[in-house]
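Report on the following structure.
The values are calculated or read from the model by the stated rules, or taken from the named source; none is laboratory data. Predicted model, so just to flag it, every value in this text is computed and none were measured. Cβ: placed from backbone, ideal geometry, glycine included. Neighbour counts: every protein chain shown.
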Amino acid sequence: MCNSMKIAVLYDILGNYFALEAVLKEIEHQNIDVIIVGGNIVWGPHPLEVLDLLRQCPIKKQFIRGNTERELFNSSCDVMASQGYFSEMYTWCLSKLTAQDVKWLGAMQSTFVYENILFVHASPRSDTEGIRKTTADAEISEMLKNVQQEIVVCGHTYRQFTREIGNQIVVNAGSVGLQMDSKGACWLMIDDAGIQFMETDYNFEIAAMEMMHSHCPRRQEFASHLLESSLE
């Protein structure tokens, strides 16, 4: 599938430093050639720490902009600034990042194509239109109608799954930082053997405790999600 290239695909890190750290340590032992980061990277408890981890990783990376990168950049420019819940989070994230960081996040491309695979954040036509296990086939077909590639890789809805829609396949990478239906950080590995769902163990309790110490406005929600996921 990938001409002997080995690709790691990481979506929805959401400022979870401990999950990303665990995944990158596992990737070190997988002989990965490229990491594709599929958006929603810093919106969460440890935005700067997550960016620093990615920068320090020596493996080549390709970044895709998610809705939170776009909205964070817009908030920094007061363009269509979010309100309420989102405004509080974006204001806090902006206080942790430099103007250069935010500009770089906002300048990421919205899609990436490799061979017969299209990588998008949420759907091919929107960075907020999630594709779920339960989304009707007809609805997904409409999302894919202008897509030429055989495979579409997406995220945004935090659950790993595969859907066959006509002659095309939709693969959701799940979430590194706020996984659902999983006991670890979720990501994909793509190589000549195909696409594999990966799940990396890390300590939910320590991650949740550090989230509570982060002063992130919604730290309780992030921490509770991790602890509840670990009990599923």
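The table that follows gives values for the structure above.
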| item | result |
| --- | --- |
| Pairs with Cβ under 7 Å, 6+ apart, first in segment 30-52 and touching a residue at least 40 places away in the same chain (Cβ under 8 Å), second in a loop (DSSP other than H, G, I, E, B) and among the basic types (Lys, Arg) | GLN30/LYS6; ILE32/LYS6; GLY39/ARG65 |
| Subset of segment 167-183 (residues that are at pLDDT below 95 and either under 19 Å from PRO45 (Cβ atoms) or in contact with a strand residue (DSSP E or B) (Cβ under 6 Å, 6 or more places away or on another chain) (or both)) | LEU178, GLN179, MET180, SER182 |
| Boolean, SER76 is out of contact with any Gly (no Cβ under 8 Å at 6 or more places or on another chain) and among the small types (Gly, Ala, Ser) | no |
| Within segment 174-228, tally of residues that are of a type in the set (Phe, Trp, Tyr) and under 14 Å from PHE161 (Cα atoms) | 2 |
| Residue match in segment 26-36 (condition: crowded, with 24+ Cβ neighbours inside 10 Å, part of a loop (DSSP other than H, G, I, E, B) and polar (S, T, N, Q)) | no |
| Selection count where residues are part of a loop (DSSP other than H, G, I, E, B) and surrounded by fewer than 23 Cβ atoms within 10 Å (Cβ to Cβ), scope segment 37-63 | 3 |
| Entirely in segment 67-111, the helices (runs of 4 or more DSSP H) that have 2 or more residues that are within 19 Å of GLN220 (Cα to Cα) and either modelled with pLDDT under 90 or out of contact with any Ser or Thr (no Cβ under 7 Å at 6 or more places or on another chain) (or both) | 84-96 |
| Strands (runs of 3 or more DSSP E) (entirely within segment 126-232) containing at least 3 residues that are more than 15 Å from the chain's Cα centre (by Cα) and surrounded by 13 or more Cβ atoms within 10 Å (Cβ to Cβ) | 168-173 |
| Residue match in segment 105-112 (condition: surrounded by fewer than 20 Cβ atoms within 10 Å (Cβ to Cβ), farther than 30 Å from GLN196 by Cα and hydroxyl-bearing (Ser, Thr, Tyr)) | no |
| Filtered residues of segment 114-125 (kept if in a loop (DSSP other than H, G, I, E, B) and more than 14 Å from the chain's Cα centre (by Cα)) | GLU115, ASN116, PRO124, ARG125 |
| Yes/no for THR111 being within 21 Å of PHE73 (Cα to Cα), within 15 Å of the chain's Cα centre (by Cα) and β-branched (Val, Ile, Thr) | yes |
| In segment 103-115, the residues that are more than 15 Å from LEU54 (Cβ to Cβ), without any contact (Cβ under 8 Å) to a residue 60 or more places away in the chain and of a type outside the set (Lys, Arg) | GLY106, ALA107, GLN109, SER110, THR111, VAL113 |
| Where LEU144 falls short, out of the listed (1) modelled with pLDDT under 95; (2) over 17 Å from ALA22 (Cβ atoms) | (1) |
